[in-house]
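Worksheet for the structure shown next.
The values are calculated or read from the model by the stated rules, or taken from the named source; none is laboratory data. Please read these numbers as outputs of a predicted model, since none were measured by experiment. We place every Cβ from the backbone using ideal geometry, glycine too, and count neighbours over all the protein chains shown. For the accessible areas, the whole protein counts, side chains as well, though only heavy atoms, and no ligand, DNA or RNA atoms are used. Shrake-Rupley method; radii C 1.70, N 1.55, O 1.52, S 1.80 Å.
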Amino acid sequence: MTSTNIPAGFEPHFRKSPLTDPWEPLYSRKFERGVTIGLRLAMPHTNARGLIHGGLIAALADAAMGYSCAQATGWATSFVTISLSVDYVGAAEIGQWLAVEGEVIKTGSTICFAQCLVKADDAVIARASGTFRVVPKKG
């Protein structure tokens, strides 16, 4: 895979956000109970040491898990984060493909539990878990 290739199944990300705009282009793919966010790592994603910033990983894990809760419930409601936990177990570098793989563990009428693996070129570099509150959609 060259540094510009996007893995099969990924499309331009379906949701834009002021937080993630500087990290574009983002990609995603949906499956029954989850959403994976992907991107080719570049300079805007790094810390002062040239490694991928943990804040980027945490923000994308939070988003992938929240989208996964929405995906599992048919996008009928919105979700806000109650808690987020991230364990960093590796590092990633510019040029690698980052896949943030969200998956729902359990959904209820008021709470959704999700988990996430973060991989750089298929090597796990972080795992996350989150709890999300169901909130009615506005409008």
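Here are some notes:
- Residues that are touching a residue at least 12 places away in the same chain (Cβ under 8 Å) and basic (Lys, Arg), drawn from the range 1-60: ARG15, ARG29, LYS30, ARG33, ARG40
- Selection of the range 45-62 for residues being closer than 16 Å to VAL124 by Cα and either open to solvent by less than 30 Å² (accessible area, probe 1.4 Å) or part of a helix (DSSP H, G or I) (or both) yields ILE52, GLY54, LEU56, ILE57, ALA58, LEU60, ALA61.
- Residue identified as touching a helix residue (DSSP H, G or I) at 6+ places or on another chain (Cβ under 9 Å) and among the small types (Gly, Ala, Ser) among ALA114, ALA58, ALA91: ALA114
- Some residue of the range 63-71 being in contact with a Leu (Cβ under 7 Å, 6 or more places away or on another chain), surrounded by 12 or more Cβ atoms within 10 Å (Cβ to Cβ) and modelled with pLDDT of 95 or more: no
- A search for C-beta distances below 7 Å between a residue of the range 65-90 that is part of a loop (DSSP other than H, G, I, E, B) and any residue that is exposed (fewer than 12 other Cβ atoms within 10 Å of the Cβ) and modelled with pLDDT under 95, counting only pairs 6+ apart in sequence or on different chains, returns THR77/VAL135; THR77/PRO136; THR77/LYS137.
- Test: residue in the range 106-113 that is open to solvent by less than 60 Å² (accessible area, probe 1.4 Å) and within 26 Å of PRO7 (Cβ to Cβ): no
- Residue within the range 19-32 that is open to solvent by 30 Å² or more (accessible area, probe 1.4 Å), modelled with pLDDT of 95 or more, under 30 Å from VAL135 (Cα atoms) and in contact with a Gly (Cβ under 7 Å, 6 or more places away or on another chain) present: yes
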